[in-house]
């Protein structure tokens, strides 16, 4: 059990009668010691009861202040020397002007201002009633405002009425001048335009006889289609001619060779009316650059096939195809030459083909390949195949140079025979001599010099030797290696053909039985 001695000595307590809880006695509150300097600076003067209470008597006492201000601040902001005037100028106790001033009307303290509670520093603060919003309809009607003049609206009294009148006169003068200029301009423009003008038109004077280019093109255009092949985002284009009502199209081998050699390639035929159909390759002949494709089409317009053997230099011809992808393009010219041996560069084909071409000056460009070369009767006499540019021969479907008036077409007589065999069997066999030759000349005579003879070939069996110069196959002169190739290809397999040659400077004729390639 706790005893009184268990508690701190500075916490007294008492028990009454030795029973009950202890009774605590309040201790006086401790006051901290006040610093005399702080009391001198912040304490009330003696006799002052409160901060805002009226003081008894005329108790005035100098308050302790901080250290004097610097001389520069005192000179700039202090009162003049010897002046005891305070910041405020309250009236004197008897209503007379203070500090010995002569009686006058003070701007800050006018007569009777000492009784104004807003100016009397000893006036008590009074809590006034709350502001009351006037009820609707009780507000005073605003007085009508004075109307502004035109000068006040426009210039805010910055110009006089006289100046305003002068300004209006200047504006009218400028407007009149502008109207006059506009009138003169409108009159000048009216001389250039006539709303009622009507141009005279004569009756059509174009004469299109049956053999005109326009008449022929109108009949043949539906029979010439565009061929497009595509491999991924790459592709090419060419032309083709409808040669059979069952959907067989004749074209060049180099046009369809990329689609034949790449399994993922697609080939489509686009007709003149915009019909687009997939095409399948029926057969190809790389040695003459011919191919046949087929589409499933009902009642197509079929081209009429003519005879190329009757052509003569100077005959008019028309080339129809899709040069540079421009379908239905028609150009015209003449036959420049016939039986022109031309070796085609391998551009998308399977080898260097040699054709016995029809030469024409009708414009043929890349994309014309496989198109039709027709006569004035509208009959197809050739298949456009190649062009000759500066130093190059182009198959007409690539990005070669443009036409310079030297185009070549496969004669339809040769193309018909090969196309018919491709439709029947899918391939074509040519007669072959079995030699490799190069073009030579001695200045007087041109020919094809035999470079080598293939073992077991028709040439070997006929006794043709290396360095023999072949000058004629049958009755056809041979002036180059290309001429020898086309002269042999126009012969039939197994045919016996006399071949004229020069061996060691002496002419010689041998008979060759041609074999198949």
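The values are calculated or read from the model by the stated rules, or taken from the named source; none is laboratory data. Computed from a predicted structure; not experimentally measured. Here the Cβ positions follow ideal geometry from the backbone for every residue, glycine too, while neighbour counts run over all protein chains shown.
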**Request:** Of the numbered conditions (1) more than 17 Å from residue 252 (Cβ to Cβ); (2) in contact with a helix residue (DSSP H, G or I) (Cβ under 6 Å, 6 or more places away or on another chain), residue 337 fails exactly one; give the number of that condition.
**Result:** (2)
**Message:** Going residue by residue through segment 251-262, is there one that turns out to be touching a helix residue (DSSP H, G or I) at 6+ places or on another chain (Cβ under 8 Å) and assigned to a strand (DSSP E or B)?
**Reply:** no
**Asked** Is segment 250-269 home to any residue that is at pLDDT below 95, more than 17 Å from residue 369 (Cα to Cα) and surrounded by 21 or more Cβ atoms within 10 Å (Cβ to Cβ)?
**Response** no
**Complete:** Taking segment 276-334 and keeping residues over 41 Å from the mean Cα position of the chain (by Cα) and free of Cβ contacts under 8 Å to residues at least 60 places away in the same chain leaves 298, 299, 310, 312, 313, 314, 334
**Asked** Looking at (1) part of a strand (DSSP E or B); (2) surrounded by fewer than 21 Cβ atoms within 10 Å (Cβ to Cβ), which is the only condition residue 376 fails?
**Response** (1)
**Item:** Among (1) outside any helix (DSSP H, G or I); (2) farther than 17 Å from residue 368 by Cβ; (3) modelled with pLDDT of 80 or more, the one test that residue 218 misses
**Value:** (1)
**Asked** What is the number of the single condition among (1) farther than 22 Å from residue 286 by Cβ; (2) surrounded by fewer than 18 Cβ atoms within 10 Å (Cβ to Cβ) that residue 447 does not meet?
**Response** (2)
**Request:** Mind listing just one residue for me: the one in segment 466-495 that is touching a helix residue (DSSP H, G or I) at 6+ places or on another chain (Cβ under 7 Å) and buried (at least 19 other Cβ atoms within 10 Å of the Cβ) and, of those, farthest from residue 287 (Cα to Cα)?
**Result:** 470
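Could you list, in sequence order, the residues of segment 289-317 that are in a strand (DSSP E or B) and surrounded by fewer than 22 Cβ atoms within 10 Å (Cβ to Cβ)? Can you show your working first?
Step one: list which residues in segment 289-317 are in a strand (DSSP E or B), which gives 290-294, 305, 316-317.
Of everything in segment 289-317, those that are in a strand (DSSP E or B) and surrounded by fewer than 22 Cβ atoms within 10 Å (Cβ to Cβ) turn out to be 294, 305, 316.
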**Request:** Would you please name the residue that is nearest to the chain's Cα centre (by Cα), looking only at residues in segment 352-373 that are in a strand (DSSP E or B) and closer than 21 Å to residue 228 by Cα?
**Result:** 372
**Asked** For residue 246, are the conditions met, namely being part of a loop (DSSP other than H, G, I, E, B) and under 25 Å from residue 413 (Cα atoms)?
**Response** yes
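Listed here are the residues, each with its yes/no results for (1) more than 22 Å from residue 417 (Cβ to Cβ); (2) surrounded by fewer than 14 Cβ atoms within 10 Å (Cβ to Cβ).
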{"position": "433", "(1), (2)": "no, no"}
{"position": "497", "(1), (2)": "no, no"}
{"position": "501", "(1), (2)": "yes, no"}
{"position": "505", "(1), (2)": "yes, yes"}
**Item:** Residue ID - modelled with the lowest pLDDT, chosen from residues in segment 394-420 that are over 19 Å from residue 318 (Cα atoms) and out of contact with any strand residue (DSSP E or B) (no Cβ under 8 Å at 6 or more places or on another chain)
**Value:** 399
